[in-house]
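The values are calculated or read from the model by the stated rules, or taken from the named source; none is laboratory data. Quantities reported herein were computed from a predicted structural model and do not represent experimental measurements. Cβ: placed from backbone, ideal geometry, glycine included. Neighbour counts: every protein chain shown.
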Amino acid sequence: MATANQAKVARDTEQAITVSTPSRREFLYYIWMASLVLLLGEAGAGILWFAYPRFKEGTFGGTFTLGPGEVPGAGAAPNSKPAGRFHISHLGDDSLIVLYGVCTHLGCLPSWVEANTRFECPCHGSKFELDGKYIEGPAPRSLDRFVTTVYFEDGTVETTNTEGDPIQLAGRSIARIDIDTGNRVRRTGAKAKL
Amino acid sequence: MSVLPFPSFLDTIKEKGLKKAVYEGIDDVVAYITAGMNVKDIREALRGEAPSRRPNPRLQPHADSFWLHMRPSYFHQDMTGVYPTFRLGWLSTYFVVFETITGLFLMLWYTPSPEIAYDNMIAMLSNIPFGKFMRDLHRLGAEAMVIIVFLHMLRTFFTGSYKKPRQFTWLTGVILLLVTMVLSFSGYLLPWDQLALWAVTIGASMVEAAPPADIVGKNLNLLVRGGPDMGANGLLRFYLLHVLLLPALLFVFTGVHYYKVIIHGHSLPPQKENIGEDTAKRVPLDKRVYFIPDVLTNEMLWIAFTTLLLTVLATWFFKAPLESHANPQQTPLHTVAPWYFLWIQGALKLGDKVFWGLVFPGLVFGFLFAMPYLDTNPSRRFADRRFALTVCFVLIAFLMAFTYWGYPTVGVATSADKEILFEMIPEEHAGVLRPIPFDQLAPGAYTTAQLEGSASEAALHVEEFTAMLEETGYGATMQAELTANPVLLRIPGGKLNWSVIPSTSPELLHALEELEHLMHNHKAELVNPFGVIIVTQDQETTKRVDVVVSWDAVNEETGEVTRQFNSNQAYVHSNSEWYER
């Protein structure tokens, strides 16, 4: 009896997990199916590439090229460019930073308040320094920065580092600035509110 | 005793072991998705074996699933080949889906506003990956669909498949033909270039003719165009027609049409049935070809193959045209209706636009709608339908004649000089001169006189020509006209120096020969003609090409002969690459 039960269990188990090898016709069907899946995958990738937004130079999402005249004096009020959604801040220590003008809280646009020499967000009151550093309010971090490349007249080139620190001008004359509004740096971790 | 506080899959694993539980779970999911076929059933079908259980699991998806519900679970063997249907009905449906998908993609980048639409077209052609490809596919599919639907109608007529009880199927088919043509027409406007605007304006003007013109025609026209002429409102209305109303009608009527096809069954080849009998639904067991797996896999193959063919055609052979921006204040010479409407444009040249533009097409389509109810001959065999087939061939002959008359070269020809200049440098397309490679446009002044004799005598003939221009004063007149406002050609050195076309410019020589050929074709109207091509270059990357045609105009009353000149010009940039078009 025990043997019969074991046999039954064995038979059941055996029936359940036997997978016969495919015939040639069946195999060919699987290969066709796999090739179609591959094709659909490639088509899908092509469609995504087709659908992805295009960024034109000079429009938000693309690169803005500006001359040295657009850089304000050290410590002065920032130069705001609504078309690019950024502010160019020339800090007191002669460094340059380009801030993304959208509040890190919920997306409103903080404006520069000259009387208080800081950015103040009209929606929920978040406040930021000239260099984008968080002061107070419900925002989770300082203002984001755009990757900027500064071309100096002496031929040197400086680019924003991965942490978004200001670019040291060191007294050099600027020939041109490229601001890539498609490439944004967030302040994270320990530096989030710095 | 459950593993978790509630019954779950873990209990099944505990009971049967992991492997068995997973396999059975997969089996159940597959059977659920396919609405009736488990893994074993699918594999058997793929292997070409008979089903191992009854009722046949391959029929259940047809009964229980949405997608397969309207598809027949088996076909008659005689209807699965290319003959007698040539798969044209299937192809028509393929194109409905194909156009919907490509159209949806194009909708991502298109805005139906006269200010934006043309820029969108340029962006699609140059700045979006696969944009040009998608547009070419959509245009190709549209033109192919009109042909395929028409051929499908022809085939249905030839095999007599419209006869009782399938008259209503035919009727819905004619509706689908109409919807297809209006879809194609409404889409034609969307690029908002010269071709789009004027071809559609001509078509829409037929609506204006609907009698009584000052009540019905006028208001119908206003409704269709959203204004007295085709502008922003018209473009929006045509866009909505094209992407909403007409596709909705298309889907509904395709559903009705296909449903009727399946209800009655595909009519067998006429030879295979007794006259007056319709045995399509009673398919003998030994003649059945089941949808799963044979027809399904066959259809997948056809989808892949047709898509491949369309891709190859759109990549290497077919280019959708784009002319210059729509200009409501200027109609280009030889504006052509889309080819499937040439027959109406031809008819319109015969006389009154109310009759030929409205009544005549109305009669044609009215006849098509009524035909199955008028034709009560029960036989579908060719030999018994000589009258019907004759009528069909006569109508096709008329269609071809009307289409030919629709071409702009028939009846709309203007003066010979304008026609020649149009061929050489048309307003909107490449023409003969623009596609010449930039480096072969050698700056200089060339004349058809060099072609008068053999190649070795060319220089001699050019010298004679120069002398003739001096003696007659034609040279000075021509130069004065070319340098006057607004033509304003800047001639280097102030004088035209006639020369033979250099051997390094074979394409330019070919163009000169073409000019000579065109003048010869119009020799009845042009007395003592000569043709001239002048190439000048003011900038490194831009050249200007002028064509001049000159002839003697004879005043019929006084007999006075005056020399006439007419010219046309084009600027070609080194990057223009007109030969690519």
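Tabulated values for the structure
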read-out	value
Segment A:19-57 - residue that is under 30 Å from residue B:15 (Cα atoms) and within 10 Å of chain B (Cβ to nearest Cβ) and, of those, modelled with the lowest pLDDT	A:19
Helices (runs of 4 or more DSSP H) lying entirely in segment B:15-67 (those with 1 or more residues that are more than 14 Å from chain A (Cβ to nearest Cβ))	B:18-33, B:60-64
Hits in segment A:58-90 (condition: surrounded by fewer than 18 Cβ atoms within 10 Å (Cβ to Cβ), in a loop (DSSP other than H, G, I, E, B) and at pLDDT 90 or above)	A:67, A:72, A:73, A:74, A:75, A:76, A:77, A:85
Filter pass, residue B:176 being within 14 Å of another protein chain (Cβ to nearest Cβ) and out of contact with any Gly (no Cβ under 6 Å at 6 or more places or on another chain)	no
Qualifying position, being part of a helix (DSSP H, G or I) and modelled with pLDDT under 90, among B:354, B:364, B:391	B:354
Some residue of segment B:87-94 being under 46 Å from the mean Cα position of the chain (by Cα), exposed (fewer than 12 other Cβ atoms within 10 Å of the Cβ), assigned by TED's automatic domain parsing to the domain that holds residue B:254 and under 30 Å from residue B:135 (Cα atoms)	no
From the options B:547, B:532, residue that is crowded, with 18+ Cβ neighbours inside 10 Å, under 17 Å from residue B:572 (Cβ atoms) and not hydroxyl-bearing (Ser, Thr, Tyr)	B:547
Odd one out for residue B:123, checked against (1) within 14 Å of chain A (Cβ to nearest Cβ); (2) farther than 22 Å from residue B:323 by Cα	(2)
Which listed residue, of A:103, A:108, is surrounded by 15 or more Cβ atoms within 10 Å (Cβ to Cβ), in the same structural domain as residue A:176 (by TED's automatic domain parsing), out of contact with any Gly (no Cβ under 7 Å at 6 or more places or on another chain) and of a type outside the set (Lys, Arg)	A:103
Residues located in segment B:126-149, provided they are away from chain A (no Cβ under 11 Å) and farther than 23 Å from residue B:324 by Cβ	B:137, B:141, B:144, B:145, B:146, B:147, B:148, B:149
Pairs, first within 17 Å of residue B:59 (Cβ to Cβ) in segment B:22-37, second among the basic types (Lys, Arg) and modelled with pLDDT under 95, C-beta under 8 Å, six or more apart	B:37/B:58
Condition broken by residue B:12, with the remaining ones in (1) more than 16 Å from residue B:289 (Cβ to Cβ); (2) within 13 Å of chain A (Cβ to nearest Cβ); (3) within 48 Å of the chain's Cα centre (by Cα) satisfied	(3)
